[in-house]
Amino acid sequence: MRDQSMFGRLQNYKYEDDYYKDHLYFQVQTADRTYRYKVFAYNDVSDTSDVYTITFASDNTYTDYLTMVKQLSQVNI
C-alpha cells in the first residue's frame, strides 16, 4: 500500500542501521489468531525467487534453504 501500512516499512531494515533493534518481530493477523514472527534476514527479491519456497523434501533441504536466505540478506541480522 502506498501509505506503507503493509510492507513498505520493510525497506527500513536496509536503510536504517538501528531499525532491526527496534523491530525484531512482526505479526500476521488472521480471522482465527495472531502469529508473531522474528525477522532473521532481509533482501529485495523478485516474485519468482526461491525464498518463496514453502515445502521441503527433508530437514537438510530446509536447513540449506535457511542458510541461503541468510547469505542473501542485505543486512547482518
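The values are calculated or read from the model by the stated rules, or taken from the named source; none is laboratory data. Since we're looking at a predicted model, the values are computed, not measured. We place every Cβ from the backbone using ideal geometry, glycine too, and count neighbours over all the protein chains shown. Each accessible area value is taken on the protein alone, full model and side chains, heavy atoms only, with ligands, DNA and RNA left out. Shrake-Rupley method; radii C 1.70, N 1.55, O 1.52, S 1.80 Å.
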- Starting from segment 27-38, take each residue that is without any contact (Cβ under 8 Å) to a residue 40 or more places away in the chain and farther than 16 Å from ARG9 by Cβ and list its partners that are open to solvent by less than 80 Å² (accessible area, probe 1.4 Å) and outside any loop (DSSP other than H, G, I, E, B), counting only C-beta distances under 6 angstrom and pairs at least six apart or across chains. TYR35/VAL28
- Filter result for the condition that a residue is acidic (Asp, Glu) and under 16 Å from the mean Cα position of the chain (by Cα), over ASP59, ASP17, ASP32, ASP47: ASP47
- In segment 41-60, residue nearest to PHE7 (Cα to Cα) [restricted to those that are surrounded by fewer than 12 Cβ atoms within 10 Å (Cβ to Cβ) and either of a type in the set (S, T, N, Q) or touching a Ser or Thr at 6+ places or on another chain (Cβ under 8 Å) (or both)]: SER46
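Of the residues ASP22, ASP64, which is surrounded by 10 or more Cβ atoms within 10 Å (Cβ to Cβ) and free of Cβ contacts under 8 Å to residues at least 40 places away in the same chain? Write out each step before concluding.
Values: ASP22 fails: surrounded by 10 or more Cβ atoms within 10 Å (Cβ to Cβ).
Testing whether each residue is surrounded by 10 or more Cβ atoms within 10 Å (Cβ to Cβ) and free of Cβ contacts under 8 Å to residues at least 40 places away in the same chain leaves just ASP64.
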- Name the residue, out of THR55, THR63, that is in a helix (DSSP H, G or I) and out of contact with any helix residue (DSSP H, G or I) (no Cβ under 8 Å at 6 or more places or on another chain). THR63
- Query: Can you name the condition, by its number, that LYS70 falls short on among (1) open to solvent by 100 Å² or more (accessible area, probe 1.4 Å); (2) assigned to a loop (DSSP other than H, G, I, E, B)?
  - Reply: (2)
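Given the structure, is ASP32 modelled with pLDDT of 85 or more and open to solvent by 100 Å² or more (accessible area, probe 1.4 Å)?
Yes.
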